[in-house]
Amino acid sequence: MTIGSDTRRTGRRLDAEPAGFADLFLPKLITVLREGYGLEGLRADTMAGLTVAIVALPLSMAIAIASGATPAQGLTTAIIGGFLVSALGGSRFQIGGPAGAFIVLVAATVQMHGMDGLILATLLSGFMLMGVGLLRLGSFIKFVPYPVTVGFTAGIAIIILASQIRPLLGLELTGTEPGPLAEKIPVLIDGLPNLDSTTIGIGLAAVAVILGLRRFLPRWPGMLIAVAGLAAASWTLGWEVETIGSVYGGIPNGLPLPSLPAVSIDKIIDVLPSAVSFTLLGSIESLLSAVVADGMTGRRHRSNCELVAQGAANIGSSLFGGICVTGTIARTATNVRAGARGPVAGMLHSVILLLVMMAAAPLFAAIPLAALAGVLVVVAWNMVERQAIATLLTASRGDAAVLLITFGLTVFRDLTEAIVVGFALGSVLFIHRMARTTVVDARAVPLVAEDQADGAFGDRAPYDADAKTDPEVVVFRISGAFFFGAAASIGAVLDRIGDGYSRLVIDFAAVPFIDSTAAHTIEGLAHKARRTGVQVILTGAAPGVRRDLEAHGVLPPLVTFADRIEDAGSVAGR
């Protein structure tokens, strides 16, 4: 992540995370207005908001349809949720709305609990997200290992692609299309004899137009051009294909009135797992998107403020009948590249979507669903981080295992399970690697008994690397983090105190921190040494390390502390 070089008069890094509670949750909109916001900034944000709205218009409808919701719900989510994310969020450039990553979870929730259950789960997730932010847990969300995010993102892309096969090919299925991939594939294969060539042509044309414009005219809104062009062609030529109008009856020309979903204790218990899944994925996606924006601009977002805003956006979206809201990486990156100056761009993107919905809703009825399926095929393709996957598969077997297991669980089991298992495996892998970096060097060390002639050391016996080794002293020098992952192996080494030694010196000078397991290991060793008449001297412990040791009973006279290993000789026998 790139850190900006600009500083304010306080000397702090640009957009550095404030320490006070009020500033910690202060929306970046307020920060931008305090800095001074004029016509030039408004002009830049208006153009950026228009650019993002052009991208968000077809995407919001396509994602909602793939999620089992209506295209109107997708637009409502982008309008209400997107406005609140920008107005209340901790990122200058975040664009909120329905996201492709949620398609799997939302579709599964709709199948299990219906639309009312989805809206209730979204409402509960909003309160959970606000709680996560207010408890300042946003920083911990960033600890999800990189192979896990790459793995579940690629898995989601595969599931999205599979969900678009039916509308892309115009298949007529005998029954309801299953959600799980393993059950879906046989049903889709059975429907292959019912291919519709016109639908296939529309879907492939949408993909070709989007990719072609991206290649040769990258500044043109490929998705909007593809959808609008194919809608016009379908209406003009009278193609008999599924459209928004034929399947959903069109789109209303305004937002619905806010209302609470049906709430009961039993219903809350039923949808609670879905709400937790929305919260987990929403936290990861929104903060990941904010980090991407930081890397592109050199700014720094306020993670906990961002989560509070995401929570408010999900609550607002659910009250208007929308679906899950999160930060969207592609639209956020588009916002940055379009020259946005601050959150006003995201707010204007929502206002523009609302104006388009009010003015052109009847025209949306002609949009072929195959064209929107083509949009999602491109989205799914872009979600797969091919270079990252190739790197992780060849970099180390541990990272490759975490990536593949997360990917497999996402595709064939459950997204939440994939994230939890992947995070656990990544943590175990990290612990294993950290434990391997912690080493203990056991060797005899010369501790000179005689004083220096000039009396510079007073009564201390200095450590002299050239002096004769004291055969009754053994020194263990620990290097690295001394924690539970390394405690067992280091404890086994320390336990091998041979006969004939009268003093055991353990040097902590290269130990940055110690946990309770390691401190307990040292305590047990000290008691064992005391029973055998061996004096234990701990040297070089940093103040924090010494406090942790003392808190676990590693105190004089059980052990003797020395500031440096050179002082071990002078404290011997105390």
A correct fewest-to-most ranking of TRP220, TRP239 by other Cβ atoms within 10 Å would be TRP220, TRP239
Nearest-0.05 FRET efficiency for VAL187 and THR391 at R0 = 25 Å, using Cβ-Cβ distance, is 0.10
With THR153 itself left out, Lys, Arg at +1 and Asp, Glu at -1 over residues whose Cβ is under 11 Å from its Cβ give -2
Distance in nm between ARG530 and LEU555 label points, each 7 Å along Cα→Cβ, equals 1.1 nm
For the chain, the charge dipole (Cβ of Lys, Arg +1; Cβ of Asp, Glu -1; about the Cα centre) points to a positive end, and the Cα of ALA312, PRO252, LEU555 closest to that extreme belongs to PRO252
Asserting the computed 222 nm helical MRE of the chain (DSSP H runs at least 4 long, -39500 (n - 2.57) per run, divided by residue count, to nearest 500) equals -19500 deg cm²/dmol
Toy charge model, Lys and Arg Cβ at +1, Asp and Glu Cβ at -1: the chain dipole around Cα centroid in debye, rounded to 20, equals 1060 debye
Note, GLY222: beta-carbon cut-off 12 Å, +1 each Lys/Arg, -1 each Asp/Glu, net +3
With R₀ set to 60 angstrom, the calculated FRET efficiency between the beta-carbons of ASP116 and LEU237, to the nearest 0.05, is 0.95
With LEU372 itself left out, Lys, Arg at +1 and Asp, Glu at -1 over residues whose Cβ is under 15 Å from its Cβ give 0
Cα-based Rg/(2.2 N^0.38 Å) for the chain, rounded to two decimals, is 1.25
For the chain the mean separation of alpha carbon contacts under 8 Å (6+ apart) over residue count, i.e. relative contact order in percent, is 22 percent
Of the residues PRO261, GLY203, LEU213, the Cα lying farthest along the dipole of region 199-290 towards its positive end, which is defined by charges on the beta carbon of Lys, Arg, Asp and Glu, belongs to LEU213
As a percent rounded to 5, the proportion of antiparallel DSSP bridges among beta bridges in the chain is 40 percent
Assertion target for MET358, MET61, MET347, ordered by fewest C-beta neighbours within 10 angstrom first, is MET358, MET347, MET61
To the nearest 20 debye, region 302-405 has a Cα-centred charge dipole, built from +1 on Lys and Arg Cβ and -1 on Asp and Glu Cβ, of 180 debye
TM-like helix rule applied to the chain (DSSP H, alpha carbon span at least 18 Å on the long axis, mean Kyte-Doolittle at least -0.5) gives 39-66, 103-134, 146-163, 197-216, 222-237, 265-297, 303-319, 344-360, 369-383, 397-412, 415-437
Eigenvalues of the alpha-carbon gyration tensor of region 340-380, times 5 and square-rooted, give semi-axes in Å, largest first, of 25, 18, 4
Neighbour-count ranking for HIS552, HIS349, HIS301 (other C-beta within 10 angstrom, fewest to most) reads HIS552, HIS301, HIS349
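Computed from the coordinates by the stated procedures, all read-outs in this text should not be read as laboratory data. Keep in mind it's a predicted model, so treat the numbers as computed, not measured. A quick note on method: Cβ atoms are made from the backbone with ideal geometry, for glycine too, and the neighbour counts reach across all protein chains shown.
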